[in-house]
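The values are calculated or read from the model by the stated rules, or taken from the named source; none is laboratory data. This structure is a prediction, so every number in the text was calculated from the model and none was measured. All Cβ positions, even for glycine, are placed from backbone atoms using ideal geometry, and neighbour counts span all protein chains on display. For accessibility, only protein heavy atoms count, side chains too; no ligands or nucleic acids. Shrake-Rupley method; radii C 1.70, N 1.55, O 1.52, S 1.80 Å.
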Amino acid sequence: MCLWLPLLIVLGLILLYRWYRQSLILENLTDKYVFITGCDTGFGNLLAKLLDKRGMKVLAACMTPQGVEKLKEETSSRLHTVIMDVSESESVKSTAKWAAEIVGDAGLWGLVNNAGIATGFAPNLWQTKEGFIKMLNVNFLGMVDVTLNLAPLIIKAKGRIVNVSSAAGRIAMVGGGYCPSKYATQAFSDSLRRELRAFGVKVCILEPGAYRTSIVEKDRHMKNMQQLWNDLPENIKELFGEQYYQQYVKGLMLLLDMSSPKIHQVPDCMEHALTAVHPWTRYEPGWDFKFYYLPLSYLPTAISDYIICRSSPTPAQKLE
């Protein structure tokens, strides 16, 4: 007991110091501009409203006119909106010019690359090249394009970049382009963080687990799975079999059902990354990430493969 007591005291002091350090919030937040992508719904929408209530100057990019109108109705006149498609370079360039005119010499304090899509949660052999391209264009290349166009404004303000990755950027649980797009987000964010450090810019990565936003809407995933299965060549269908398809759908629906309804946890992390004096490099909201995906990603490959594969359905033409 005498040996452990000093260690516990030291550990307690370290945790107390870390808590205090992370609780320090910047001053003059109302002078700062933040640009957020993907504000129609979900995390981006919640963050835009959260920062607007804080008095910050929000530039919210939506995909649709409906998203713009709804956000305007729920926020103050401080918030600026724009329609932008992150997968279209001309749209990104014109939006960057629009943002530069608004922020002026103040520069851009924060960029939150939140826009993303999630489709094609199915085996890789059921996919098409076009499906991968679409996913990467939005989730990764669009994020890169937005960052490159807005980087000079962020450097001017010595600001923050917050890139939304996923638990799927640590461990690939499904086929298709979603996981590769999130792995790429991790790599880009790591190299960007090291490059921009000399300019006083901080890059943070969000790695949320599964949350109950429109991205995990069951009907949409069901229709997408059905379409992928129907479009498969007969030889691929025979390899997997109808039973495999049915079991895969059942497993995916179960996974989506386990998503957390506490979606405020993600914009709360985004807010901390933008407003804290000492933001974390990585934010990992969600108990599923902390206690399943993260530990799983650190296990030896043979063990993580066994854990993931033991619940996978069996193909009709499995080789013995």
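Note on the range 239-288: residues that are among the aromatic types (F, W, Y) and more than 18 Å from the chain's Cα centre (by Cα) amount to 4. Condition check: assigned to a helix (DSSP H, G or I), at pLDDT below 95 and open to solvent by less than 50 Å² (accessible area, probe 1.4 Å). Does G131 satisfy that? Judged against the criteria, G131 is a match.
Please tell me if L71 is in a helix (DSSP H, G or I), farther than 23 Å from K262 by Cβ and either open to solvent by 20 Å² or more (accessible area, probe 1.4 Å) or of a type in the set (A, V, I, L, M, F, W, C) (or both). Taking the combined requirement at face value, the residue does not satisfy it. Mind listing whichever residues of the range 41-62 are surrounded by fewer than 21 Cβ atoms within 10 Å (Cβ to Cβ) and either assigned to a loop (DSSP other than H, G, I, E, B) or of a type in the set (F, W, Y) (or both)? Residues satisfying the conditions are T41, G55.
Looking at the range 239-246, is at least one residue touching a strand residue (DSSP E or B) at 6+ places or on another chain (Cβ under 8 Å), on the phi < 0 side of the Ramachandran plot, free of Cβ contacts under 8 Å to residues at least 40 places away in the same chain and surrounded by 20 or more Cβ atoms within 10 Å (Cβ to Cβ)? No, the range 239-246 contains no residue that is touching a strand residue (DSSP E or B) at 6+ places or on another chain (Cβ under 8 Å), on the phi < 0 side of the Ramachandran plot, free of Cβ contacts under 8 Å to residues at least 40 places away in the same chain and surrounded by 20 or more Cβ atoms within 10 Å (Cβ to Cβ).
In the range 31-40, what residues are open to solvent by 10 Å² or more (accessible area, probe 1.4 Å) and within 14 Å of G159 (Cα to Cα)?
Within the range 31-40, D31, K32, Y33 qualify.
Applying a threshold of 7 Å to beta carbon distances and a minimum spacing of six or more residues, or different chains, the list of pairs starting in the range 100-115 at a residue that is farther than 16 Å from E271 by Cα and ending at one that is among the basic types (K, R) and at pLDDT 95 or above reads G107/K156. Anything in the range 186-209 that is open to solvent by 40 Å² or more (accessible area, probe 1.4 Å) and within 19 Å of the chain's Cα centre (by Cα)? List them, or say none. Within the range 186-209, A187, S191, R193, K202 qualify. Being open to solvent by less than 50 Å² (accessible area, probe 1.4 Å) and under 25 Å from R18 (Cα atoms) narrows it down to one of P279, P295, so name that one. Exactly one residue qualifies, and that residue is P279.
Residues of the range 163-194 that are in contact with a strand residue (DSSP E or B) (Cβ under 7 Å, 6 or more places away or on another chain) and among the polar types (S, T, N, Q): N163, S165, T185, Q186, S189. Which one of these does R212 not meet: (1) buried (at least 21 other Cβ atoms within 10 Å of the Cβ); (2) touching a Pro at 6+ places or on another chain (Cβ under 7 Å); (3) not aromatic (F, W, Y)? Tallying (1) buried (at least 21 other Cβ atoms within 10 Å of the Cβ); (2) touching a Pro at 6+ places or on another chain (Cβ under 7 Å); (3) not aromatic (F, W, Y), R212 fails exactly one: (1). Screening I117, I102, I83 for residues that are modelled with pLDDT under 95 and surrounded by fewer than 23 Cβ atoms within 10 Å (Cβ to Cβ) leaves exactly one candidate, I117. In the set L50, L15, L46, which member is at pLDDT below 95 and of a type in the set (A, V, I, L, M, F, W, C)? After applying the criteria, what remains is L15. Which residues, taken from the range 90-99, are open to solvent by less than 40 Å² (accessible area, probe 1.4 Å) and touching a helix residue (DSSP H, G or I) at 6+ places or on another chain (Cβ under 7 Å)? Scanning the range 90-99 gives V92, A96, A99.
Once the range 74-99 is narrowed to residues that are assigned to a helix (DSSP H, G or I) and touching a residue at least 24 places away in the same chain (Cβ under 8 Å), the residue that is farthest from G142 (Cα to Cα) is A99.
On the stretch given as the range 135-190, residues that are within 30 Å of G104 (Cα to Cα), part of a helix (DSSP H, G or I) and not basic (K, R) total 24.
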